[in-house]
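Contents: one structure, followed by commentary.
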Amino acid sequence: MTVGASVTPELADYDEAVASYDPVLGLEVHVELGTLSKMFCGCATAFGAELNTQVCPTCLGLPGSLPVLNQQAVESTIRVGLALGCDIAAWCRFARKNYFYPDMPKNFQISQYDEPLCTDGHLDVDVLTPAGTTTVRVEIERVHMEEDTGKSLHVGGATGRIHGADYSLVDYNRAGIPLIEIVTKPIEGTGRLAPELARAYVTTLREVMRNLDVSDVRMEQGSLRCDANVSLRRSPSDPLGTRSETKNVNSLRSVERAVRHEIRRQAALLDAGGRVVQETRHWHEDTGSTTSGRSKEQAEDYRYFPEPDLVPVAPVADWVERLRSELPAPASVRRRELQARWGMSDPEMQTLVNAGAVDLVGDTVGAGAAVDAARKWWLGELARHANERGTDLSALPITPAQVARLVQLVEDGTLNDQLARQVIEGVLAGEGEPDQVVERRGLAVVSDDAALTAAVDEALAADPEVAEKIRGGKVAAAGAIVGAVMRATRGQADAGRVRELVLERCT
Amino acid sequence: MSESGSITRDEVVHLARLARLALDPDEVDRFGPQLDVILHAVSRIQELDTADVPPTSHALPLTNVTRSDEVRAGLTQEQALSGAPAAEDGRFRVPRILGEDA
């Protein structure tokens, strides 16, 4: 362990860093496939199940158990490969990756090593720049199949992290869930846009997965995870620099922030005449920085060998071609269709894409809301909440159907925008459906004229000077009374109607 | 293995580390030659002419053995934890892990 290395060194100014160095990215994205059962056994894969209840002798690695491959997992992987323009191997095998770590009870993980199922693809990614949208083709090196690992909880120690922990507790519900790893080739030439490109790549990849319906791709639940490799070099003609691999990047905004942080950290090191250590680093959402994990200088010795308990996978050409013919229209085509239907400009649509809000807005519109209203709430108030919580929009505990209901309540005059914001707060706080929050918090707009008239009279009586001005014809003075009534009704009055009533009472 | 075909002391130490075995120097000296005997026995296969034999990783010439994506009942939490040396709050309890972060 290198305790000294975990002290965050000074960060270079970002503009100076990208002026002095050429950043190169490599992105490894793990996606949990949304199969009903695990990769090699029939255990369920539901998220959030009771601890160690979706386990069996196979995924617990008990003696005598044998893995049997999930046909659907192979099919989903091939579909992902095809959607990314990959070649599908005619024949490939699984390999054992041997290591001692309690997240895999077998002491090895079944993965693919030198024979991945899919190779040599690409994904076109739109990045919004000050000069407009530019499309970057990201080359995909491989897509391979493996099994997910269990989840460890480290107990004791000052930080709750592994260093200094007294012991660990492990839940194997996730162990054996089908996982695919999508690895890019080095992404070069993006310069100062590298952080935005990284985010746009993961966003676009997530869109592809959703479009194929192979995964629920929820970063906050870990069904899509990104490791970001970053290296710097003086000039694009230089060989690749030493890279760091940042793990634990669990939201779209973290992907961008982590890459930006690594560029600044490495630039500061190189500026000072130091060198970048090839190592795993861990992203910390709270501090917006990375700390050193394990050094890769003593390269891991996983002693991969062909998995003897599984026979090779040899996809029949007819089957692959059938899967190819059954692929849905590409996510990018679907996005353009939506953009046309919604009548949005390129920057407007790109903003939705970058916020990871295309599907959320789409589902909200599908639930009956107008596009503009759906967009306004997701990119406005809800984006503000997501930012505050440091998560993505999709991680907020509010559904598109609930947002659509909110829009409807505003449209029919039950709520105004101010009240709607309070309803959102209530829904996010777990107070129930929008209608329940309205009822429990007593939030509906007061449209009862008698009640409003009483409030207006009270406000006029409380401020006779202003009342006199209005009576004297100074209509602009009515604003003060309207404000007083809105305060008195805790924002629940229809301001337009209050204004009418004020003028009515003063003539 | 070194060029002479014998396993080196460093290799024994490395293998022991990978297998999480704590060997004292005497044991390294004792197990090295024993591993050598095994390696030499296996390496005799290199004397055969295998130019016409395709490499194989399985005894059976099968491919695409799969099952359909159906959920089958597994173990209960109690059953799952019943063989564990230690458990706590529904989880397997394991010694702290050093040298790696997760």
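Summary of computed values
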item: Those helices (runs of 4 or more DSSP H) lying entirely in chain B with at least 2 residues at pLDDT below 90 and surrounded by 14 or more Cβ atoms within 10 Å (Cβ to Cβ); result: B:9-18
item: Hey, A:Asp271 among the acidic types (Asp, Glu) and within 10 Å of chain B (Cβ to nearest Cβ) or not; result: no
item: Selection within region A:71-102 - more than 16 Å from A:Glu32 (Cα to Cα) and at the interface with chain B (Cβ under 9 Å from one of its Cβ atoms); result: A:Trp91, A:Arg93, A:Asn98, A:Tyr99, A:Phe100, A:Tyr101, A:Pro102
item: Count of region A:91-109 residues which are farther than 21 Å from B:Leu15 by Cα and under 30 Å from the mean Cα position of the chain (by Cα); result: 2
item: Selected residue (only one of A:Val353, A:Val423, A:Val333 is farther than 30 Å from A:Thr287 by Cα and in contact with a helix residue (DSSP H, G or I) (Cβ under 9 Å, 6 or more places away or on another chain)); result: A:Val423
item: Number of the condition not met by A:Ala314 [criteria: (1) within 21 Å of A:Val208 (Cβ to Cβ); (2) of a type in the set (A, V, I, L, M); (3) at pLDDT 95 or above]; result: (1)
item: Residues being in contact (Cβ under 8 Å) with a residue 24 or more places away in the chain and not in a loop (DSSP other than H, G, I, E, B) - total across region A:80-116; result: 14
item: Test: residue in region A:255-273 that is in contact with a Cys (Cβ under 6 Å, 6 or more places away or on another chain), assigned to a helix (DSSP H, G or I) and not small (Gly, Ala, Ser); result: yes
item: Those residues of region A:275-301 which are modelled with pLDDT of 90 or more and over 23 Å from A:Arg257 (Cβ atoms), in sequence order; result: A:Arg275
item: Residue ID - modelled with the highest pLDDT, chosen from residues in region A:158-172 that are at the interface with chain B (Cβ under 10 Å from one of its Cβ atoms) and part of a loop (DSSP other than H, G, I, E, B); result: A:Tyr172
item: Index of the failed condition, A:Gly473 passing every other in (1) touching a strand residue (DSSP E or B) at 6+ places or on another chain (Cβ under 8 Å); (2) in a loop (DSSP other than H, G, I, E, B); result: (1)
item: Unmet requirement for A:Val68, which otherwise passes all of (1) away from every other protein chain (no Cβ under 14 Å); (2) more than 27 Å from the chain's Cα centre (by Cα); result: (1)
item: Qualifying residue in region A:154-173 (condition: surrounded by fewer than 20 Cβ atoms within 10 Å (Cβ to Cβ) and among the hydroxyl-bearing types (Ser, Thr, Tyr)); result: yes
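To keep it simple, each residue is scored yes or no on (1) away from chain B (no Cβ under 13 Å); (2) surrounded by 20 or more Cβ atoms within 10 Å (Cβ to Cβ); (3) in a strand (DSSP E or B); (4) modelled with pLDDT of 95 or more.
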site: A:Met1; (1), (2), (3), (4): no, no, no, no
site: A:Thr8; (1), (2), (3), (4): yes, no, no, no
site: A:Met39; (1), (2), (3), (4): no, yes, no, yes
site: A:Gly42; (1), (2), (3), (4): no, yes, no, yes
site: A:Ala46; (1), (2), (3), (4): no, no, no, no
site: A:Thr53; (1), (2), (3), (4): no, yes, no, yes
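The values are calculated or read from the model by the stated rules, or taken from the named source; none is laboratory data. The shown structure was predicted, so the numbers you read here are calculated from the model rather than taken from an experiment. Neighbour counts are summed over all protein chains in view; Cβ atoms, including those assigned to glycine, are modelled from backbone coordinates with ideal geometry.
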